[in-house]
Amino acid sequence: IERTFSIIKPDAVRRNLIGKIIARFEENGLRPIAMKKIHMSRQQAEGFYAVHKDRPFYGELVEQMSASPVVVQVLEGENAILKNREVMGATNPENAAEGTIRKDFALSVGENSVHGSDAPETAAEEIKFFFNDDELV
Ligand code: ATP
Ligand code: MG
């Protein structure tokens, strides 16, 4: 059993898609073991995406992620990290497979509705960034 970190991004929260997206996770064997709705500060978004700070889209990404509320979650399941990335689909919705969250809901590569950890080390770091151990139930 594995844990991964997920964000339902501002574009999806604004369009009232929280429930539809959580249903996709549950239907695919990913169990939310922690969740909260938060409005990230600019500083938090900068810290969370620090690995991308030299990429051309960093400013836009930080701006979008701190513009309005998000839902942060820890998802647990067999191969949760890979499974979540399959359920999300490709970063750019134009390349996302049929039936994926990004294919069905994303607006663009920037406003792509969800974030998911890409490896065990980043999953552990990202979970710690937003949750204390006693919040994982
Ligand atoms: P995430 O980390 O959000 O799950 P990812 O691993 O598929 O997505 P990354 O390469 O880590 O993609 O990029 C992080 C985020 O930065 C993407 O989800 C997207 O919102 C944004 N992003 C990536 N590439 C671009 C781009 N070319 N233009 C605008 N935004 C981008
Ligand atoms: Mg990534």
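Things worth noting here:
- Distance (nanometres) between label positions extended 7 Å along Cα→Cβ at Asn132 and Ile1: 2.3
- With contacts taken as Cα pairs under 8 Å and at least 6 residues apart, the chain reaches a relative contact order of 38 percent.
- Top of Arg15, Arg42, Arg85 by mean-square fluctuation, Gaussian network on the chain, Cα under 10 Å: Arg15
- Per-residue Karplus couplings for the stretch 119-129, computed as 6.51 cos²θ - 1.76 cosθ + 1.60 with θ equal to phi - 60°, are listed in order as 6, x, 5, 5, 4, 4, 5, 5, 4, 5, 4 Hz, Gly and Pro entered as x.
- Surface composition of the chain: carbon plus sulfur atoms hold 48% of the accessible area, using a 1.4 angstrom probe and ignoring ligands, DNA and RNA.
- Sequence-ordered 3J(HN,Hα) estimates for the stretch 38-50 from the Karplus curve with 6.51, -1.76 and 1.60 and θ = phi - 60° stand at 9, 10, 5, 6, 4, 5, 4, 5, 4, x, 4, 9, 3 Hz, glycine and proline given as x.
- The slack in the chain from Leu82 to Val51, taken as 0.36 nm per residue of separation less the alpha-carbon distance, amounts to 9.2 nm.
- Between Arg15 and Thr122, the FRET efficiency from the beta-carbon distance, with R0 = 25 Å, is close to 0.40.
- At a probe radius of 1.4 angstrom, the accessible area of the stretch 1-92 per residue rounds to 52 square angstrom.
- Long-range amide H partners of Ser117 with built H, under 5 Å: Phe5
- Sequence-distant residues sharing a close amide H with Glu2 (under 5 Å, placed H): Gly77, Glu78, Asn79, Ala80
- Values of log10 I(q)/I(0) for the stretch 1-136 across q = 0.10, 0.13 Å⁻¹ run -0.28, -0.49, by the Debye formula with one identical scatterer at each alpha carbon and no solvent.
- Three-way shape label, the stretch 61-136, alpha-carbon gyration tensor, a/c 1.5: oblate
- Whole-Å distance, taken between Cα centres, linking the stretch 20-74 and the stretch 102-121: 9
- Set of the stretch 1-32 residues, backbone N closer than 20 Å to the point 7 Å along the Cα-Cβ line of Thr91: 5-12
- Taking all protein chains as they are arranged and a probe of 1.4 Å, the heavy atoms of Asp54 leave approximately 140 Å² accessible to solvent.
- Scalar couplings 3J(HN,Hα) for the stretch 54-64, obtained by applying the Karplus form with A = 6.51, B = -1.76, C = 1.60 to θ = phi - 60°, are 9, 7, x, 8, 4, x, 5, 4, 4, 4, 5 Hz; x denotes Gly and Pro.
The values are calculated or read from the model by the stated rules, or taken from the named source; none is laboratory data. As the structure is a computational prediction, the values presented were derived from the model and not from experiment. For neighbour counting, all protein chains shown are included, and Cβ atoms are generated from backbone atoms with ideal geometry for every residue, glycine included. Note: areas computed on protein heavy atoms with side chains; ligands, DNA, RNA excluded. Shrake-Rupley method; radii C 1.70, N 1.55, O 1.52, S 1.80 Å.
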